[in-house]
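**Q** Quick one: the structure is below, questions incoming.
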Amino acid sequence: MENANKVSDLGSHLLRSLVLMVTEDCNLRCEYCYVRKRPNKMDIETAEQAVDFLFSVNRVCPDILEIGFFGGEPMMEVGLIDHVCCYARDKAGQIGSRIGFAMTTNATMFSDYGKRVIREHNIGITCSLDGMAEIHDRFRKTRSGQGSFHFIEKAIPFLVGLTSVNVRMTVMPETTSEVVSSLRWLINKGLKRFSLSPVIEARWDGKGLGHLVDAWEGLYSLQEEFKNSGVVINNIGKVESLLCSPDSRGYGCGAARSMAAVDSGGRLYPCHRFVGYFRNSPEQSIGDVFKGFDDQKRKNYITSNLVANQSGCGAGLFDDSTMPPDKKCNTCLLQRVCGNSCIALNEYLTGEPQRPAQINRVLSQIVMSTHIRMKSGLELSNQLCK
Ligand code: SF4
Ligand code: SF4
C-alpha cells in the first residue's frame, strides 16, 4: 500500500499519551455507553508498569507526556489514580521529564478526597454533561434506571473553579433539538469549554438529522454571542484548524501513533474507544505494557489512520459504483476538511478501520457544510483559496 511507506519508521511516532482504563465498571448505566461493564479494575503493579512503559518508550521525547484516566468511571479508583500520579511525578523527576494528567469522568463521585486528588495533581477534566436535568437524565441513568443529573449538579461549582475543564455533551437524535438551550444553560452556570459528540451508532432519521443541522447552526450563533466571555466550542475550532492547516490530509488523530490505551489487564490498544468496543479481543490489541508494542500491528493501525483521514467522506475510495471517477473528491468543496478519522468507530461499524460507515459520512458532511454556510463570505473564501 502506498501510504505504508509513510509509517515504515515507527521512531517518528513517539508515544506521548497513555490512557489507563483504571476500571471497567461504572456507577452509571448511560444508555448510549459503548463500554461493556465488568468488575475488572487495574492493580497497582499493572498501573506502575504502564507508567514505566510510557517513560521507557520516550527516552528521547522532549515534550510533556500525559497520562489519562478513563473507565468505566475512573473516580471509582481514585486511590489508584492518586498513587499513579505520585509514582509518575517521582519517575519524571528522576529522569528530568515532564508529565501531565487528564481524566474523563461522569463527575458524580467527587468526594473531598477525590477533589483534593484532582487539585493536587492538576488533573485536566473532561466531564460528561449533556445539559439541564430533563436532557441529561434522558440517557444518563443510574444502575436502577433513575436520572443522574442531581449527582452531577452538585459538582458544577467545583468544576467551574478548576483551571482545566472541558464539558463533553453527547448528542442523541432524541436530544438534538435541545442542544442549543442545553449549551446556553451550561454557559450560564459558568462552564466555558465544550465538545459536542453526536452518537454515530444511534438511529438517525430525517427528523434527527434536520434537528442536527439546526443545532449546529446554533453553535455558531452561541459562539459569536459569548465570544468575549471566554466560551470555547471546540467543534468549531477543530474545523477551523483543519481549514487553516496546510496538511489537513495527514493523520486524523493520535490513535496508535502518539497515544495508546491500556486495559485493566495491561493490554495495549490504539485508543480508549478500542478498549470499549473490543475489550479482550487480541485482534485489535497492539501489545502489552509488559513486553511492549507489537510493532507490525501498531504500524497497521497507523497506516489505517492515515488512509481513513485521506479518504475523506469515503466517496473517493469506497463509493465507486455511485460516483464517476472524475467526480470523486477533486470537485468537492469539502475535500480539505471531511476526513473520517475515527478508526475505532470505523472498525466497529464496518469491520475495517479505514472504511467509514454511511451515517458517519452524512454527519461529517452536515458538520462541514454547516461550517461553510455559517462562515460563508469573504473570510472563508480567502481561507479556501490559500
Ligand atoms: S458514566 Fe460514562 S462509562 Fe459510565 S455508563 Fe455513562 S457513559 Fe458509560
Ligand atoms: S480512533 Fe476515534 S476515539 Fe480513538 S482517538 Fe481517534 S478519533 Fe478518538
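Every number in this text was worked out from the coordinates using simple rules, so none of it is lab data. These figures come from a predicted structure and were not determined experimentally. We place every Cβ from the backbone using ideal geometry, glycine too, and count neighbours over all the protein chains shown.
**Q** If the chain between Lys375 and Asn27 were fully stretched, how many nm would it gain, using 0.36 nm times the residue separation less the Cα-Cα distance? Mind dumping the intermediate values first?
**A** Numbers: separation 348, 0.36 × 348 = 125.28 nm, distance 4.17 nm.
Full-extension gain reported as 121.1 nm.
**Q** Suppose R0 equals 35 Å; then what is the FRET efficiency for Ser164 and Thr350 from their Cβ-Cβ distance, rounded to the nearest 0.05? Present the calculation step by step, with values, prior to reporting the outcome.
**A** On the way: r = 35 Å, r/R0 = 1.00.
Rounded to the nearest 0.05, the efficiency is 0.50.
**Q** Over what distance in Å are the Cα centres of segment 140-180 and segment 71-133 separated?
**A** If you average the Cα positions of each part, the centres end up 18 Å apart.
**Q** When the dipole is taken about the Cα centre of segment 14-244, and only Lys, Arg (+1) and Asp, Glu (-1) are charged at their Cβ, what size is it in debye, to the nearest 20?
**A** Numbers: 27 positive and 28 negative charges, 39 e Å.
The calculation lands at about 180 debye.
**Q** With 24 Å as the limit, write out which pairs from Lys37/Lys91; Lys91/Lys192; Lys207/Lys238; Lys227/Lys375; Lys37/Lys299 have Cα-Cα distances beyond it, or answer none.
**A** Details: Lys37/Lys91 32 Å; Lys91/Lys192 33 Å; Lys207/Lys238 26 Å; Lys227/Lys375 15 Å; Lys37/Lys299 29 Å.
The answer is Lys37/Lys91; Lys91/Lys192; Lys207/Lys238; Lys37/Lys299.
**Q** Evaluate segment 14-244: find the radius of gyration of its Cα atoms, find its Kirkwood radius, and give the ratio Rg to Rh. Could the numbers behind the result be given before it?
**A** Working: Rg = 18.6 Å, Rh = 18.9 Å.
Across segment 14-244, the Cα-based Rg/Rh ratio is 0.98.
**Q** Something else now. Note the direction-averaged projected area, equal to a quarter of the hull surface, for the Cα convex hull of segment 145-282, in nm². Please list the in-between numbers first.
**A** Working: hull surface 46.7 nm².
Result: a mean projected hull area of 11.7 nm².
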